[in-house]
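S.K.: I'd like to ask some things about the structure below.
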Amino acid sequence: MPSVHTLRRVVITGGAGFLGSHLCDRFVAEGYEVVCIDNLLTGSVDNIAHLLGHRRFRFVHYDVTNYLYVEGELFAVLHFASPASPKDYQMHPIHTLKVGSLGTHKALGLAKAKGARFLLASTSEVYGDPLVHPQPEEYWGNVNPIGVRGVYDEAKRFAEAMTMAYHRYHGLQTRIARIFNTYGPRMRMDDGRAIPTFIVQALRGEPLTVYGDGRQTRSVCYVDDMVEGLYRLLLSEVVEPVNLGNPDEVSVLQLAEEIRQLVGANSPIVFEPLPQDDPRVRRPDIRRAQELLGWEPTVERREGLLRTIADFRKRLGCC
Ligand code: UDP
């Protein structure tokens with residue numbers, strides 16, 4: 001019988017990233033021992049600097065596409081390593097494919113060796129440019145495998161297939177979170193995504209760059225809500241994929257206007273070409289998460305954006 005102590009140890013790959021570092025915080029706060037593994041390709045030590053001296057936190061600078069060895073017993077492996085913004089994964093297409101395929105295989109192998117449960121950070125991108133709206137988990141998606149986003153989308157689809165194979169063939173306890181657009185403090189200012197880009201542009205009084213006509217939609221979830229959903233999912237017995245996101249859908253143009261207003265900037269909005277395969281709409285159907293996890297987001301967009309803007313102001317040391 002493993003001791004209570006050993007049952008409370010988790011590995012978080014990608015733990016120095018935006019979402020991963022918030023997860024590290026949560027698990028440390030819940031009393032777990034956290035082993036954070038990250039190669040710092042898109043993550044940063046700044047995100048975990050406040051945890052480095054903590055006796056229940058350990059950082060390992062390592063690329064999880066290589067053989068993964070961790071001493072001692074583990075309760076869970078949470079696989080969050082991957083470039084996640086379109087700019088990042090298009091800049092690192094082969095790393096993205098490798099961490100989604102080889103990295104997922106290694107993380108699953110570690111979970112199997114330790115008898116630990118496994119949680120995969122999957123994505124709304126498995127639905128591609130969706131033809132069903134909002135997207136329920138039953139929808140198989142509309143992905144262009146050879147498009148510029150295919151490196152991320154197909155890596156995550158492969159990762160889901162690999163996760164289910166370990167569940168079916170090895171009886172591993174697996175969880176799959178399909179994560180929709182999430183935002184909050186610690187997002188990288190230059191990750192190219194809409195919210196950090198608009199905030200930085202507004203704070204600097206520069207034009208806000210809206211791609212296309214800005215009528216494409218996203219549904220944005222504040223990071224604390226996401227972490228709560230992920231925590232509940234890990235502790236649940238739900239094997240099938242679960243959408244986690246905020247169904248509060250907004251056009252990209254409206255998002256730019258809101259951020260400009262909340263920052264109090266006079267920046268103009270300029271329109272730039274729409275990137276290839278940019279999904280036209282995206283909104284999670286979260287009934288499964290509501291029914292099986294008793295979870296739904298609670299932070300309003302205005303409040304979440306204000307908290308994020310405050311963090312960006314602090315880090316920019318300006319405005
Ligand atoms: N976008 C934009 N201006 C920017 C960055 C992004 O208009 O400076 C748009 C992008 O084309 C997409 C939406 O905002 O329609 C969300 O993009 P993001 O990169 O945040 O994530 P995605 O949901 O596409 O993965």
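S.K.: Nearest 10 degrees, 0 to 90: what angle lies between the long axis of helix 252-263 and the longest principal axis of the chain (Cα atoms)?
M.R.: Between helix and principal axis, roughly 80 degrees.
S.K.: Rounded, prolate or oblate for segment 29-75? Axes are the square roots of the Cα gyration tensor eigenvalues, ordered a ≥ b ≥ c, and the cut-off for rounded is a/c under 1.5. Each step should come with its number before you reach the end.
M.R.: Details: a/c = 2.42, a/b = 1.08, b/c = 2.24.
Oblate.
S.K.: Sort 54-61, 147-154, 116-123, 85-92 for me by packing, meaning the mean count of neighbouring Cβ atoms within 10 Å per residue, highest on top.
M.R.: Values: 54-61: 14.6, 147-154: 20.8, 116-123: 24.2, 85-92: 18.9.
Highest to lowest by the protection proxy: 116-123, 147-154, 85-92, 54-61.
S.K.: Return one number: the angle in degrees, 0 to 90 and rounded to the nearest 10, between the long axis of the Cα atoms of helix 223-235 and the longest principal axis of the Cα atoms of the chain.
M.R.: 20
S.K.: Separate question: Keeping all protein chains in place, calculate the accessible area per residue for the chain (probe 1.4 angstrom), answer in Å².
M.R.: The answer is 43 Å² per residue.
S.K.: Under a crude label model (7 Å from the Cα following the beta-carbon direction), how far is Asp277 from Glu73 in nanometres?
M.R.: Simple spin-label model gives 4.4 nm for this pair.
S.K.: Rounded if a/c is under 1.5, else prolate if a/b beats b/c, else oblate: with a ≥ b ≥ c from the C-alpha gyration tensor eigenvalues square-rooted, which is segment 1-114?
M.R.: Oblate shape, in that a/c is at least 1.5 and b/c is the bigger or equal ratio.
S.K.: Compute the distance in nm between two label points, each set 7 Å from the Cα along the Cα-to-Cβ direction, one at Ala29 and one at Trp140.
M.R.: 4.1
S.K.: I need to check one value: relative contact order of the chain, counting alpha carbon pairs closer than 8 Å and at least 6 residues apart, in percent.
M.R.: Answer for the chain is 17 percent.
S.K.: Sticking with this one: Apply 1/(1 + (r/R0)^6) to the Cβ-Cβ distance of Ile94 and His133, taking R0 = 25 Å, and write down the FRET efficiency to the nearest 0.05.
M.R.: The value I calculate is 0.20.
S.K.: Of Thr308, Thr197, which has the most accessible area with a 1.4 Å probe, and how do the rest follow in descending order? The partial results should precede the final answer.
M.R.: Values: Thr308 0, Thr197 30 Å².
Listed by decreasing accessible area, they come as Thr197, Thr308.
S.K.: Comparing Thr13, Thr96, Thr209, which has the greatest mean-square fluctuation in the GNM of the chain with Cα pairs linked when under 10 Å apart?
M.R.: Per the Cα network of the chain with a 10 Å cutoff, Thr209 tops the list.
S.K.: Same structure again: I'd like the orientation of helix 18-29 relative to the chain: the angle between its Cα long axis and the longest Cα principal axis, in ° from 0 to 90, rounded to 10.
M.R.: 50
S.K.: Accessible area, 1.4 Å probe, largest first: how do Leu262, Leu23 sort?
M.R.: Numbers: Leu262 30, Leu23 0 Å².
Most to least solvent-accessible, the answer reads Leu262, Leu23.
S.K.: Which percent of the accessible heavy-atom area of the chain goes to carbon and sulfur, probe 1.4 angstrom?
M.R.: With neighbouring chains kept in place, the figure for the chain is 53 percent.
S.K.: Please give the length that would be gained between Thr298 and Arg215 if that part of the chain were fully extended, namely 0.36 nm times their separation in residues minus their C-alpha to C-alpha distance (nm, one decimal).
M.R.: Length difference between fully extended and current span is 27.4 nm.
S.K.: Just to be sure I understand: of the beta bridges DSSP finds with both ends in the chain, what percent are antiparallel, rounded to 5?
M.R.: The answer is about 10 percent antiparallel.
S.K.: Would you mind putting 288-301, 98-111 in packing order, based on average other-beta-carbon counts within 10 Å, highest first?
M.R.: 98-111, 288-301
S.K.: Quick check on segment 24-141: of the DSSP beta bridges with both residues there, what percent are antiparallel, nearest 5%?
M.R.: 0
S.K.: Looking only at segment 171-189, which residues have a backbone nitrogen under 18 Å from a spot 7 Å from the Cα of Gln290 in the C-beta direction?
M.R.: Inside the label zone: 178, 180.
S.K.: If you count only protein heavy atoms and use a 1.4 Å probe, how large is the accessible surface of His50, to the nearest 10 Å²?
M.R.: 110
The values are calculated or read from the model by the stated rules, or taken from the named source; none is laboratory data. Quick caveat: nothing in here was measured; it's all calculated off a predicted structure. Quick reminder, even Gly has a Cβ in these numbers, built from the backbone with ideal geometry, and neighbours come from all protein chains shown. Surface areas here come from the heavy atoms of the whole protein model, side chains and all, with no ligands, DNA or RNA. Shrake-Rupley method; radii C 1.70, N 1.55, O 1.52, S 1.80 Å.
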